[in-house]
Structures are given as structure tokens and as C-alpha cells.
Amino acid sequence: MGGLFGVVSREDCTTDLFFGTDYHTHLGARRGGLSVYDSQMGFQRSIHNIENAPFRTKFEKDVTEMIGRMGIGCISDTEPQPLMIRSHLGSYALTIVGRINNIEELVDEVFRNGASHFTESSGSVINNTELVAALINQCDNIPEGIRYAQSKIDGSLTLLLMTSNGVYAARDLMGRTPMIIGKREGAYCACFESFSYLNLGYRYERDLGPGEIVYMTPEHCETVMQPNNKMKICAFLWIYYGYTTSCYEGVNVEVMRNRCGALLAKRDQGIDVDYVAGIPDSGNGHAIGYANESGICFARPFIKYTPTWPRSFTPAHQSLRNLIARMKLIPVEALIRDKKLLFLDDSIVRGTQMRETVDFLYGHGAKEVHVRSASPPSMFGCKYLNFSRSKSEMDLIARQVIRDFDGDDRYLNDYCTDDTERYHAMVEEIRKRLNFTSLKYHLLADVKEAVGIDPDMLCTYCWTGKED
């Protein structure tokens, strides 16, 4: 995935930039980057690998040496950024969040329009941020360049661009990811996570609209490209990867998760279990909502040990992630042995970690392990955001079951519909394969109700395969 934080201030902003960016480390596991501008020192930049050490320890020294009244920072799961660019539009720093599915097509177009080269990173991969800069530079000014880049990209693009005079903040054309403006006396900030500025003294100003571009200086935040009328913000933002204390489109993540769990409980009458629990951390809010609605006690039968393996530097390799996920879980055997447990998880994607978790619980004496997923079955890899590491849709356990049932996807629509015989047969097969006592998924209608905004504004592609 990835997260962004930008700030413009009448005073030095490096401390705000440091902490504001650090508050986004739950969104990425590979690299962090900061860039500031000072009228005397010019552009300054620092990028570090954060796979084996947290963002804060890697950048503490840099922050004491950087000086600037403007800055942009990022957490990235992909390329190193921010990048420093010099072009006919002037010098600027750029950082992005999103996904580009048509890279080769865009590279060919940029070459045809006169670009001479791109810098290749390991594996001959072109830096997506550099490609976005090349697209921006096709135009006569920066706002038009940003809009041009967004219009050419198949996927999504949200960005921060810092010149020597101010910072541009641009939200994806369909608003798939958030971009939120905060304000305090003599300063503005723009960010992915709304909680990231609260302890820095900023207050909420507004969410940018889909496709809106603003230009920020310490004195004002001016719209330079008007928002579009149509939005498709990712519904999974609330269910899983958004931070608990954040709000998007006025809806708090924890409140949404509590509603989510409550709606699951309403459709789950009569279940006999000793405790309701969440798969930490994102499952906890859903579990609390379920427990409150059902009247069944909430408990924590295992605790996640994070002092040495917080999420922000979990390894990128799947086998290592599975190992770390297992090593994090410390059992509370008094709450497991001879108990019937019901667990809420944000989703069941590949199923690997859930299978290991259930085996872990049975190994410590659990009598029954029931599972409820706060999202519908994952059927499609996301085309718009990089929040999943799955390389193929056949990594998804639901698609594996469908393939084994039918050999192909000719009945896929039936499996995506939660009131069909095929859907129920698929859920039962997943239950058997993962060794759950029982399994139920959230209904799509209830997910939309739990979010609480206009359902037409939500992107649910990963569950339905339906675009826009």
C-alpha cells in the first residue's frame, strides 16, 4: 500500500513531517522517505529501507539535520521516493500512492514524446514515481500535468508534489484512496490518515473530493482542479488497512468496525460459544461490535507480541510473514482450553494464516473455533491499490475452491452472490479446508450499511468484480 504526509508552515516543519509520516507506517513495510525545502538550503531528501527497523529509528538523525518550511513524506511498499525532479516546470519533489497497470504502454508514450531514458531499479523495474513525473512534464503547468497523468493511468494515483513555493495535493480521480487536509495557525497539512495530525495541533479542515487538486501555502489551501462528481472509495479501507482512529468521508474506522460486527451478530442468532474474540489487530473492532450486540463476553485468548515485530517492518516474503505472524501470537491458555470460541477477522484471503491460527488454538485445547469474516469472500485481486501481496487470483482460497469445483470460472457470478447454492457450497468447503467449526462471511449489503455513506460511492471490486 503506502501513505503520504505533507506540510507547509511559516516555521520549520521537519518535526511535524517526521511524526506525521511516521503515523503512516502501518500502511507499508519497505521504504520511508522525507523531502523538505528551505530557501537557503534548497531541496533536501532522505530515503531509508524500513524492512528491518522502524521508520522512527531510521530517520531520527536526518530530522535533526534537515531544515525547511515545506515538506512531503511517504511510506512505500514499492519504489524509493520522494523523487527530486528538474524539468521545464521547474524543480520539485514528488511522492505517490496508487497502482499503475499500464506501465509499458505509458513508457512507450513518454519515449515517443521525447523522453530519453528512465532509471531502472532492481529487476529492470521502472520507478512508478519517475513515470508519473514524466507524464506530468508533458504539460505546460503542474496542475494540468497532474490531471493528465491521472487520466492516462489505468489504476489509481494520489500524490503530493512540492515546489519551491508550495505543495500540491491531488486525490485519485475516483477517490479510491483518501486525501485529507488539516489546518492550524500558520500551517496546513495533507495526509492519507486523518489521525496523523491530531497530536501535532492541526484540526480537520476537509476531505478532498475525487480528482480534486489543491495548492497549499502557509496562508491558504486553494483548489486548482475541481473535484469530479463520481467517487469509488475502497470499502476495504474501513474493514482492514485504514487505522482505527482515522475517519474517511466523515466515518470513523472503529465505529464502522463496531457496526460491522453488530450486523454479523444480528444474522448469527443462537450460536453457543464461551467468548467472542478478534484476530488482532484489525479484527478486534469487529469482535467488540459482535460481542456488544450478541451479549457474549469479549475476550483475548491470545495476545499479539509486537515489541520486536511491529507491522511496519514485517518481511516482504510470504513464508517469513507467515512465520512472524505465528511467532507473534502468545496464548492465554485459561481462555482457550476446553472453550468454544468465535473469532472475528477482517477477511479471509489466502487462508494460510487463519488455518495456522486455528491449529494453534486447537493445539492449546480449544473445543470449538468458529470464524466470522467481516468482509465477503475475496474473489478478485485489486486493480486499483497495492494493499494485497497476492500475485494471482488463484492465490485466493475462494477461487481455489471454485476451480476445484468447476475447473473454470463459468459460474463465477453465482459464487459472488450470497444467496445461491454454489455460494453456500463454496463457504462450506472453505470451512472444511481451514478446519473451522463454522464459518460465515459478511454480506455485501451489510458492509455497505456499516460504512454508512452512499453505497454507490464505494468500490467493492475485490468481492464482486464489478468496476465503477
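What follows draws every value from the coordinates through simple rules; no lab data is involved. Everything numeric in this text was worked out from a predicted model, so none of it was measured. A quick note on method: Cβ atoms are made from the backbone with ideal geometry, for glycine too, and the neighbour counts reach across all protein chains shown.
Values as computed for the structure displayed
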read-out: Value in Å of the Kirkwood radius, where region 2-231 supplies the Cα pairs that are averaged; value: 17.3
read-out: Cβ-based exposure ranking for Leu335, Leu344, in which fewest neighbours within 10 Å come first; value: Leu335, Leu344
read-out: Average projected area [Cα convex hull, region 118-172], square nanometres; value: 4.3
read-out: Value of relative contact order over the chain, rounded to a whole percent, pairs C-alpha under 8 Å and six or more apart; value: 13
read-out: Where N is the number of residues in the chain, Cα Rg divided by 2.2 N^0.38 Å; value: 1.00
read-out: Per residue convex hull volume, Cα atoms of region 248-464, in Å³; value: 131
read-out: Degrees separating the helix 318-328 axis from the principal Cα axis of the chain, which is the longest one; value: 70
read-out: Kirkwood hydrodynamic radius over Cα pairs of region 33-145, then Stokes diffusion coefficient at 4 °C and 1.567 mPa s, in µm²/s; value: 84
read-out: Inverse of mean 1/r across different Cα pairs in region 4-89, Kirkwood, Å; value: 12.8
read-out: The chain: angle of helix 253-266 to the longest principal axis, Cα-based, in degrees nearest 10; value: 20
read-out: With eigenvalues of the C-alpha gyration tensor scaled by 5 and rooted, region 149-293, Å; value: 36, 18, 11
read-out: Folded to 0 to 90 degrees: helix 421-434 orientation relative to the chain principal axis, Cα; value: 90
read-out: Helix-only mean residue ellipticity at 222 nm for the chain, each DSSP H run of n ≥ 4 adding -39500 (n - 2.57), per residue, nearest 500; value: -9000 deg cm²/dmol
